[in-house]
Amino acid sequence: MLTIETLNKQYPTPQGPLTVLRDINLTLGAGSSLALMGESGSGKSTLLHLVAALDTPDTGKIHFQTQELSRLSESDRADYRRRHLGLVFQQFNLIPSLRVRDNLAFQARIAGRFDPQWQQTLIKHLGLSALLDRYPEQLSGGQQQRVAIGRALAGKPDLVLADEPTGSLDEKSGDQVMALFLDLIQETQCSLLMVTHSTRLASQLQQQVHLVAGSLT
Amino acid sequence: MNHSAISRARQRLNLLRWLLQTLSSHWLRHPVQLATLFTGLMLATALWSGIQALNTQARSSYDRAATLFGSDATERLISTQGQTFPQQLYIELRRGGFRVSPLLEGRIRVMQQNLQLIGIDPVTLPGDTRIASVSSGQGSLNQFLTPPGQTYIAPETLQELGLAAGDQPLVAAHHLPPLTERAGLPPGLLVVDIGVAQTLLGQPDLLSALLIPELSDDERERLTQYIKHSTKEELRVASSDEEADLARLTDSFHLNLTALGLLAFVVGLFIVHAAMGIAFEQRRSLFRTLCACGVSRGVLILGLLLELLLLVLLAGAAGMIGGYLIAAWLLPDVAASLRGLYGASIAGQLQLSLWWWLSGLGICLLGALIASAQGLLQSYRLPLLSIAQPDAWLQRQQSLHRKQGVIALLLLLAALIAWQSQAGLIAGFIMLAGLMLCITLLLPVLLGALLQLAERRSRSAFMFWFWADTRQQLSGLSLALMALLLALSANIGVGTMVEGFRQTFTGWIDQRLASEVYLRAENETQALAMVEWLEQRPEVEAALPGWSTEIQLQGWPVQLQGYRDHATYRDNWPLLQRSDDAWTQLAQGSSAMISEQLARRLSLSLGDEVRLPGIQGDLPLRLVAIYPDYGNPKGQIILNLSLLKAHWPEAQRGSFGIRLDPQAAPQLISDLQASFNLNASQVMDQASLKSWSTAIFERTFTATSAMNGLTLGVAGIALFSSLISLASSRLPQLAPVWALGITRRQLALVELLKTLLLAGLTALIAIPLGLLLAWCLVSVINVQAFGWRLPLHLFPLQWLQLFLMAIITALLASIWPVMKLARTSPATLLRVFADER
């Protein structure tokens, strides 16, 4: 489903171009999960952003199903994220002016794939029933991340991209959120590409790859 | 359209729907910010559209008056001897085959109002005139001509008189024919059959003009010859362009009003810009999230534009209603000013066209787009992966300040070019706007530099933080402070000009109105009787007659005034420039004196020769003095009385100035009223005339003062809204200081002090800017607009008042945000640290 071929990415810096990703090759099948591991600054998040079509590679190709992402227009890239992806960020990135129920439904609604029954299932699984009328600022970090996971899965995406989803949470909350997350991924039967620096979390996924100084080892 | 296209369109609509709902949810969570934005847009629209309503109303009245007798300056025959001529001349012309139409014009008082009365003969009126279209049609010709006849009146004039259609008010012992509404007529005008007009005006068998239909060259030549030989040159051809002059003369008045409206509009837009800037900043992370969820930048911008359009429709509509109310409030004063200054009649009831509503909403949309352009552009260029930094806003502000500095320099350059070009009033306003906006844009830079200087010199840690934090706060308040600077400097500038004008005007009128009593006759017969009567009164030292007529010089209307040589003029008449023995030279008949505004208009100086077109050809006269003539929109030339009568036999007697012991004036006035049945406006003592003139002057500036006050109010709202919007975003800066041991109450007081400090510094900068504005108004704008240059007076007490007003405005604007801060719960402050995990 996802194929990455000879991907390279550099960023300009005052000291000259900085190579963040070097000749990355990766494949992720439908319904499978992959943990992308590495130290801070190893290029994990950059790779995730390229797969999310939030950024474009300098060279190399990313194929998602039949599409080559770098050939898509800005509008088509937005369309790709809306229809096929679910994104979970470390900082939750909820919409502060929407209540929990609307945050949960947001992406599914704009993708035209809102399913009330599935929404109820998610709410139940994520334990958000009592929080539906609250605003994000009225939630704890763990609760916010559960809403973010719900939002990513509400549209039943083909691929979920998660950038250190438990990075802002303490260990106990992180473990609880991660367990829920993986259960729901399984139930949704979507693929998962997760960035983490935790070996313990990575071990719960089917595949693990390490990024060191921009190269896969 | 195929199925997939329909499905795609449906998906896009669905996306847009949820996007709009999400964007609008921000405003529901931040109602004060929404109220600020709404208020800014509403006020800007209201003030601008209010002024436009006044201008439109006045111009519509001028147009109706100008086109009353034709689409352009229709020619007419008038007397060469006086105001009227015998009706027999008309009959002779008709018998001679000329299709002229008779007219008798005069003024009458109806229900305490002075109205213009025109008598017409609808049967002979040229068909292309507005008055012909008004009087014909609706099968009303018979009713108009047969007893009791009809009096045509504009609906708004009828309403102002408090009368109803069909009423027949009493005028000089006669009843007017039943009043009949005619929408196309200008305000302040009554139209009756010519016979009725002759009766009402006491001028039987007399006419004041004959309208001439459009003539071929042959017809014109035949008419000229006929007038020369058959009417013994009792008539001459004149173009009726007085109303067209009115539009030209009042242009400056309306341009000044427009400039004030524009200033208020700009100040209103500062609020919108500030509110929009904060809203865009607060929604920056939301926009990133939306893009991450699959909303393209194009759709995001479309959503933001639709959101703006909705706001414009709501706030613009409210603004238009506000504009209507402002215009209705100011209309009586503006109408009185135009009547007093230019003799223009303006309808007292606002009549606003669909165009006014649409253009008002259009200007609201344009203003909103200008105010939001920066935010929209930033949103479009928003890097999807930028990490939000707490000080990003400050960094952007610093970059913005650099850009503002460049724009300020460009504006300064434009102002200097406009000043050097001296290309009329528009160039004057460009210079004024350039200077004001230049200094306004430099304000944040100036304040920043001052605060940085204070920061460097501070010795305690607390004071160091105080100055540094004030500098950071400056970025959020700069737009509101700029609006305050504009409003304060406009107040100082306009206030200095008005107060200076008041002083100059009072001194000038004291000198100009030197006679103890002023007397005006209704006609020449009465004037002669008055002269005889006054000669019998031993207390009268002199009766000084003033005669006048009007000519055109280089396309400008010019009043020619003829005075007798008398010590009253030599001793009192104020002159700006004079040659030796100016009055003696004037008495000898080879010289003239010219008003300041006319000298400027015609680029004439002392010693120049002016050639005045009279019946004996051009009369060359040497200019021996230039005198101020404040408040008179028309140019004026004074010459010897006998010279005026010889070259302009149609000259009319104006009022007499009577010199006598001031103690004897009341008795003389009383005797004159009894002997000639005069009303209060026909005979007046010096004090009454001065107070009447001053009242007109004062009213002229009512609209200006009101607009100034409103602008300052708008600036106060800008400051308030900025402080409210900033209140929550200030918490991350204040929470650490609170955690270090400063109480919430102390923090609130410090916040208040900072706002007052910034407002105070802004007010101090506004003083020199206001004086610069006053100088521009007095030395450039007034000279271009009205033709007179006033001395610049300084009023430090006024500056002090405005400084205190700025402090009070800032204090009032700060109270709520400061109280909100003082009451912020510790939990809220602690959340700042929680969010920083």
(message) Looking at B:Leu474, B:Leu479 in this structure, which one is within 23 Å of B:Val714 (Cβ to Cβ), in a helix (DSSP H, G or I) and open to solvent by 20 Å² or more (accessible area, probe 1.4 Å)?
(response) B:Leu479
(request) Kindly provide the set of residues from the range B:277-325 that are among the β-branched types (Val, Ile, Thr), closer than 14 Å to B:Ala44 by Cα and surrounded by fewer than 17 Cβ atoms within 10 Å (Cβ to Cβ), ordered by number. (result) B:Ile321
(message) Restricting to the range A:59-81, give me the number of residues that are closer than 16 Å to B:Val295 by Cβ, among the basic types (Lys, Arg) and open to solvent by 30 Å² or more (accessible area, probe 1.4 Å).
(response) 1
(message) For the range B:554-578, which positions are in contact with a Leu (Cβ under 7 Å, 6 or more places away or on another chain) and either modelled with pLDDT of 90 or more or hydrophobic (A, V, I, L, M, F, W, C) (or both)?
(response) B:Val558, B:Leu560, B:Gly562, B:Gln577
(request) Give me a count of the residues in the range B:163-187 that are open to solvent by less than 60 Å² (accessible area, probe 1.4 Å) and modelled with pLDDT under 85. (result) 6
(message) Could you tell me how many of the residues in the range B:654-673 are farther than 20 Å from B:Ser595 by Cα, open to solvent by 10 Å² or more (accessible area, probe 1.4 Å) and modelled with pLDDT under 85?
(response) 0
(message) For the structure I just gave you, tell me whether A:Gln91 is within 11 Å of chain B (Cβ to nearest Cβ), within 29 Å of A:Gln208 (Cα to Cα), within 20 Å of the chain's Cα centre (by Cα) and in a helix (DSSP H, G or I).
(response) no
(request) Could you tell me whether the range B:726-733 includes any residue that is without any contact (Cβ under 8 Å) to a residue 12 or more places away in the chain and assigned to a helix (DSSP H, G or I)? (result) yes
(request) Take the range A:183-193 and flag every residue that is at negative phi and surrounded by fewer than 16 Cβ atoms within 10 Å (Cβ to Cβ). (result) A:Asp183, A:Gln186, A:Glu187
(message) Give me the residue from the range A:42-58 that is assigned to a loop (DSSP other than H, G, I, E, B) and within 14 Å of chain B (Cβ to nearest Cβ) and, out of that set, most open to solvent (accessible area, probe 1.4 Å).
(response) A:Thr56
(message) Among the residues in the range A:111-125, are any surrounded by 21 or more Cβ atoms within 10 Å (Cβ to Cβ), more than 10 Å from chain B (Cβ to nearest Cβ), of a type outside the set (Val, Ile, Thr) and over 16 Å from the mean Cα position of the chain (by Cα)?
(response) yes
(request) Could you tell me which residue of the range A:126-148 is surrounded by the most Cβ atoms within 10 Å (Cβ to Cβ), considering only residues that are more than 14 Å from chain B (Cβ to nearest Cβ) and in contact with a helix residue (DSSP H, G or I) (Cβ under 9 Å, 6 or more places away or on another chain)? (result) A:Arg146
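Yes/no matrix, rows are residues, columns are (1) over 30 Å from B:Gln784 (Cβ atoms); (2) in a strand (DSSP E or B); (3) open to solvent by 20 Å² or more (accessible area, probe 1.4 Å); (4) of a type in the set (A, V, I, L, M):
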{"position": "B:Thr584", "(1), (2), (3), (4)": "yes, no, yes, no"}
{"position": "B:Leu623", "(1), (2), (3), (4)": "no, yes, no, yes"}
{"position": "B:Asn632", "(1), (2), (3), (4)": "no, no, yes, no"}
{"position": "B:Pro649", "(1), (2), (3), (4)": "yes, no, yes, no"}
(message) Residues to consider are A:Pro96, A:Pro165; find the one that is part of a loop (DSSP other than H, G, I, E, B) and more than 9 Å from chain B (Cβ to nearest Cβ).
(response) A:Pro165
(message) I'm trying to understand the selection: among the residues of the range B:768-821, which are of a type in the set (Phe, Trp, Tyr) and within 18 Å of B:Gly713 (Cα to Cα)?
(response) B:Trp799, B:Phe803, B:Trp816
(message) Can you pull out every residue in the range B:776-798 that is within 16 Å of B:Ser489 (Cβ to Cβ), touching a residue at least 40 places away in the same chain (Cβ under 8 Å) and open to solvent by 50 Å² or more (accessible area, probe 1.4 Å)?
(response) B:Leu792, B:Leu794
(message) Between a residue in the range B:11-39 that is open to solvent by less than 60 Å² (accessible area, probe 1.4 Å) and any residue that is basic (Lys, Arg) and assigned to a helix (DSSP H, G or I), which pairs come within a Cβ distance under 7 Å, given they are 6 or more apart or on different chains?
(response) B:Trp18/A:Arg109
(request) Quick one: count up the residues across the range B:279-293 that are touching a His at 6+ places or on another chain (Cβ under 9 Å) and either at the interface with chain A (Cβ under 7 Å from one of its Cβ atoms) or assigned to a helix (DSSP H, G or I) (or both). (result) 3
(message) Going residue by residue through the range A:24-37, is there one that turns out to be open to solvent by less than 60 Å² (accessible area, probe 1.4 Å) and within 14 Å of chain B (Cβ to nearest Cβ)?
(response) no
(message) Which condition from (1) more than 9 Å from chain B (Cβ to nearest Cβ); (2) on the phi > 0 side of the Ramachandran plot; (3) more than 19 Å from the chain's Cα centre (by Cα) is the one that A:Lys156 breaks?
(response) (3)
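The values are calculated or read from the model by the stated rules, or taken from the named source; none is laboratory data. Since this is a predicted model, take the numbers as computed values, not measurements. Ideal geometry is used to build each Cβ from the backbone, glycine not excepted, and the neighbour counts take in all protein chains shown. The protein model used for the area step is the full one, side chains on, heavy atoms only, and it has no ligands, DNA or RNA in it. Shrake-Rupley method; radii C 1.70, N 1.55, O 1.52, S 1.80 Å.
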